[in-house]
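The values are calculated or read from the model by the stated rules, or taken from the named source; none is laboratory data. Just so we're clear, the structure is a prediction, and the values are computed from it rather than from any experiment. Heads up, the Cβs are rebuilt from the backbone with ideal geometry, glycines too, and the neighbour counts pull from every protein chain shown. Just so you know, the surface numbers come from the protein's heavy atoms only, side chains and all, with ligands and any DNA or RNA stripped out. Shrake-Rupley method; radii C 1.70, N 1.55, O 1.52, S 1.80 Å.
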Amino acid sequence: MIWRDIRDLRIEGQGWTDTKAPFDRLPARAEGVVRDVVWDLSRHSAGLCVKFRTDATEIHGRWTLTLDRLAMGHMPATGCSGLDLYIDTASGLRWAGVGRPESLPDVQDVLVEGMADGEKSCTVYLPLYNGVSSVEIGVPEGTSIESVERPLGRRTVLFYGTSITQGASASRTGTNHVAKVGRALDCETINLGFSGNGVMEPEVAGFLAELNPDIFVIDCLPNMTADLVTERTASLVMALREKRPDTPVLLVEDRMYGDSVFVHSR
């Protein structure tokens, strides 16, 4: 096999380059500014993906996880800690294979094999509820793997929200709704979902306003009370408006929890 560090390819979904570790979602200077739980969650690689081109008929993955868990009680290892491969077709990106993590911290698996000959443009999504210290893509010796350029005019959608945004409880890392929106609209998505902690806090708002997406999607209500909505929503929008006066801000209304018929506080 020929192994390529994905940092030598094209990574999408990362808003900042001045991170403490290669695949963090907030910059290093956010440590000690945002709450500790938000900082810890920002070290999960949710929403990050790598783009590359290869003529290989099989593709392998090799990655090192940072947390001592593969799965959670409500979410499988393939979604928490796996890799997910999609390949471009005339009708858009189509699922092609998954990397199943079965060991800690080092994982190696075949993402897909037995494909037809020919060049393929590939996307691999990183873990949603785990961090990674390294990720490599492997192809057989004698085949090629190379980075691809970002298309001119490619748009970016930034999502800020809750565990639902981060990816709970997707069965694979490419099946959470943020990634699906990216494929449907052929755009880059930045996933700033923080499980249980998407509460429109001003410290996070300040970091959001540093970025320059084509639209901000704010989807925090499942983590908030009515009092917090009243206290923080306008302040968050104004913080974005101050730095990004012309960028649309989409405020997503709450969805009902399934048990709200029985638990009225929901």
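Summary table below
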quantity	calculated
Residue in the stretch 228-260 that is farthest from Thr17 (Cα to Cα), counting only those that are charged (D, E, K, R) and modelled with pLDDT under 95	Asp259
Residue satisfying all of: in the stretch 211-266; in contact with a helix residue (DSSP H, G or I) (Cβ under 8 Å, 6 or more places away or on another chain) and among the acidic types (Asp, Glu); least open to solvent (accessible area, probe 1.4 Å) among these	Asp219
Residue satisfying all of: in the stretch 10-35; open to solvent by less than 20 Å² (accessible area, probe 1.4 Å) and out of contact with any Asp or Glu (no Cβ under 6 Å at 6 or more places or on another chain); farthest from Leu83 (Cα to Cα) among these	Ala30
Whichever residue in the stretch 145-163 is of a type in the set (Ser, Thr, Tyr) and touching a Gly at 6+ places or on another chain (Cβ under 7 Å) and, among such residues, is surrounded by the most Cβ atoms within 10 Å (Cβ to Cβ)	Tyr160
Residue within the stretch 53-76 that is touching a strand residue (DSSP E or B) at 6+ places or on another chain (Cβ under 6 Å), small (Gly, Ala, Ser), under 30 Å from Asn223 (Cα atoms) and modelled with pLDDT of 95 or more present	no
Gly142, sole failed condition from (1) in contact (Cβ under 8 Å) with a residue 40 or more places away in the chain; (2) more than 26 Å from Met256 (Cβ to Cβ); (3) part of a loop (DSSP other than H, G, I, E, B); (4) open to solvent by 20 Å² or more (accessible area, probe 1.4 Å)	(1)
Test result for Val263, closer than 17 Å to Ala46 by Cα, out of contact with any Leu (no Cβ under 9 Å at 6 or more places or on another chain) and outside any strand (DSSP E or B)	no
Check on Gly32, within 27 Å of Met200 (Cα to Cα) and free of Cβ contacts under 8 Å to residues at least 60 places away in the same chain	yes
Lone unmet requirement of (1) open to solvent by 60 Å² or more (accessible area, probe 1.4 Å); (2) touching a Phe, Trp or Tyr at 6+ places or on another chain (Cβ under 6 Å) for Val38	(1)
Residue that is nearest to Trp3 (Cα to Cα), among those in the stretch 174-195 that are in contact with a helix residue (DSSP H, G or I) (Cβ under 6 Å, 6 or more places away or on another chain) and of a type in the set (Ser, Thr, Tyr)	Thr189
Filter result for Arg183 (touching a residue at least 60 places away in the same chain (Cβ under 8 Å) and open to solvent by 40 Å² or more (accessible area, probe 1.4 Å))	yes
Within the stretch 50-137, strands (runs of 3 or more DSSP E) holding 1 or more residues that are within 16 Å of Ile11 (Cβ to Cβ) and touching a Gly at 6+ places or on another chain (Cβ under 7 Å)	59-65, 83-89, 120-125
Close pairs from the stretch 62-78: first among the small types (Gly, Ala, Ser), partner surrounded by fewer than 15 Cβ atoms within 10 Å (Cβ to Cβ), Cβ under 9 Å, at least 6 apart	Ala77/Arg69; Ala77/Glu102
Hey, Asp5 more than 15 Å from Ser134 (Cα to Cα), open to solvent by 10 Å² or more (accessible area, probe 1.4 Å) and among the acidic types (Asp, Glu) or not	no
Subset of the stretch 78-93 [out of contact with any strand residue (DSSP E or B) (no Cβ under 6 Å at 6 or more places or on another chain) and farther than 12 Å from Leu126 by Cα]	Thr89, Ala90, Ser91, Gly92
